[in-house]
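The values are calculated or read from the model by the stated rules, or taken from the named source; none is laboratory data. The shown structure was predicted, so the numbers you read here are calculated from the model rather than taken from an experiment. Quick reminder, even Gly has a Cβ in these numbers, built from the backbone with ideal geometry, and neighbours come from all protein chains shown. SASA here: full protein model, heavy atoms, side chains in, ligands and nucleic acids out. Shrake-Rupley method; radii C 1.70, N 1.55, O 1.52, S 1.80 Å.
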Amino acid sequence: MPMYNEPLPPLNSLQAFEAAGRHESFLHAAAELQVSPDAVSRHVRLLERFLGTELFLRRTNGVRLTPAGNAYARKISRIVRDLRRATADVRRPDTAG
């Protein structure tokens, strides 16, 4: 039975993580989301605290997903893709008549 009482992670943090994971860059994620790289970093840190694990290795030349981050990114990316499709389907005019 699914656990519906489990708290959801902060949704803005998930969005920042998904973009940063896809780009493996806080800078590129920030440009996509139209926020500062510091905002992406803060959201990712918040998500890491929520999950109790590091999602990125931070280096002077950028970031890289940890094994846990990579596994989480694959799952979250599918969810975000499905959410985008569902949203697009609802926003389309009904062609069924």
For the range 84-97, how many residues are open to solvent by less than 100 Å² (accessible area, probe 1.4 Å) and either under 20 Å from Leu11 (Cβ atoms) or not in a loop (DSSP other than H, G, I, E, B) (or both)? 4
Picking from Arg22, Arg74, which residue would you name as being touching a helix residue (DSSP H, G or I) at 6+ places or on another chain (Cβ under 8 Å) and either modelled with pLDDT under 95 or basic (Lys, Arg) (or both)? Arg22
Please enumerate the residues belonging to the range 1-49 that are under 19 Å from Arg59 (Cα atoms) and among the β-branched types (Val, Ile, Thr). Val40, Val44
Subset of the range 28-83 (residues that are touching a residue at least 12 places away in the same chain (Cβ under 8 Å), in contact with a Ser or Thr (Cβ under 8 Å, 6 or more places away or on another chain) and within 13 Å of Gln15 (Cα to Cα)): His43, Val44, Leu46, Leu47
Can you confirm whether Arg81 is open to solvent by 70 Å² or more (accessible area, probe 1.4 Å), modelled with pLDDT under 95, of a type outside the set (Phe, Trp, Tyr) and not in a strand (DSSP E or B)? yes
